[in-house]
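Below you'll find the structure, written out as structure tokens, and then a few comments.
What follows is calculated from the coordinates using simple rules that are stated; it is not laboratory data. Just so it is clear, the model here is predicted, and its values are computed rather than measured. When we count neighbours, we look across all protein chains shown, and the Cβ atoms used for this are built from the backbone with ideal geometry, even at glycine.
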Amino acid sequence: MKLKVLNHPLIDFYMTMLRSKDTQSSKFRFLAKKVTSLMAFEIFKDLKVLPKTIETPLDKHNGVTLNNQKPCIISILRAGLIMSEGITDVFDEVSIGHIGMYRDENTLKPINYVKKLPSDLNNRQCFLCDPMLATGGSAISAIKTLKQHCASDIKLVCLLASDPGIKKVHDNFPDVKIICAQKDDKLNENGFILPGLGDAGDRIFET
């Protein structure tokens, strides 16, 4: 399946607090990072590894090591930064990239302002991180950028996704798997997820 909505009581518990309008910025950052760390076990479920034999103090053991190219975590700035922190708290053998964009409040279209990506994306597992998948515009723009740099194994990782955003991403990129903590049904007239959690970037950085 190209959509995975995590169903875990700890994640649902933290997401309830994350959504609350009464949760202050410092607590919001903690919760967003905590949820992403819990998601990391699902995110890396298909991590590519190679066989490796090691010596324990008593005998040989047939274990695994990472594939030659480390997986790549790409944050959509600025809100995606908190997710890359949560992921690397669990697993830090990764390369990290950034795509900077913001949403024009009138057109709702993404505007890019920075792009810093690791090399050889065609040989890497790429995990694109953005807390919110609302209209899908930012995600689609970022996926296009990754594909222009030859990325072929892309997963979109979100805290919260909307049904319209999921559909739009899959209409444009049916090969991209979406992993989210929770999803909501609809958007309001301004393109925000309902009931949602507000503007994740503003709540993370208290702006």
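Residues 26, 75, 37, 152, ranked from the fewest to the most other C-beta atoms within 10 Å, line up as 26, 152, 37, 75.
What net charge is computed for the residues neighbouring residue 166, neighbours being all others with C-beta under 10 Å from the C-beta of residue 166, Lys and Arg scored +1, Asp and Glu -1? Walk me through the intermediate numbers first.
Numbers: positive: 2, 167, 168, 183; negative: 163, 171.
Here the count lands on +2.
The Cα-based radius of gyration and maximum Cα-Cα distance (Dmax) for segment 7-115 are 18.4, 66 Å.
If R0 is 41 Å, the Cβ-Cβ spacing of residue 149 and residue 59 corresponds to a FRET efficiency of close to 0.40. The slack in the chain from residue 16 to residue 67, taken as 0.36 nm per residue of separation less the alpha-carbon distance, amounts to 14.7 nm. For segment 54-138, the percent of C-alpha pairs falling in each 10 Å distance bin, counted from 0 to the bin holding the largest distance, reads 16, 37, 25, 12, 6, 3, 0.
Starting from the Cα-Cα distance between residue 26 and residue 207, subtract it from 0.36 nm times their residue separation and give me the gain in nm to one decimal. The partial results should precede the final answer.
Numbers: separation 181, 0.36 × 181 = 65.16 nm, distance 1.23 nm.
Here the segment from residue 26 to residue 207 would lengthen by 63.9 nm.
As a proxy for reagent exposure, ranking 166, 99 by other Cβ atoms within 10 Å from fewest up yields 166, 99.
Beyond 30 Å, what share of the Cα-Cα pairs of the chain is found? Please give it as a whole percent.
Numbers: 4350 of 21321 pairs.
Summing the P(r) of the chain above 30 Å gives 20 percent of all pairs.
Take every pair of alpha-carbon atoms less than 8 Å apart whose residues are at least six positions apart; their mean separation over the length of the chain yields a relative contact order of 23 percent.
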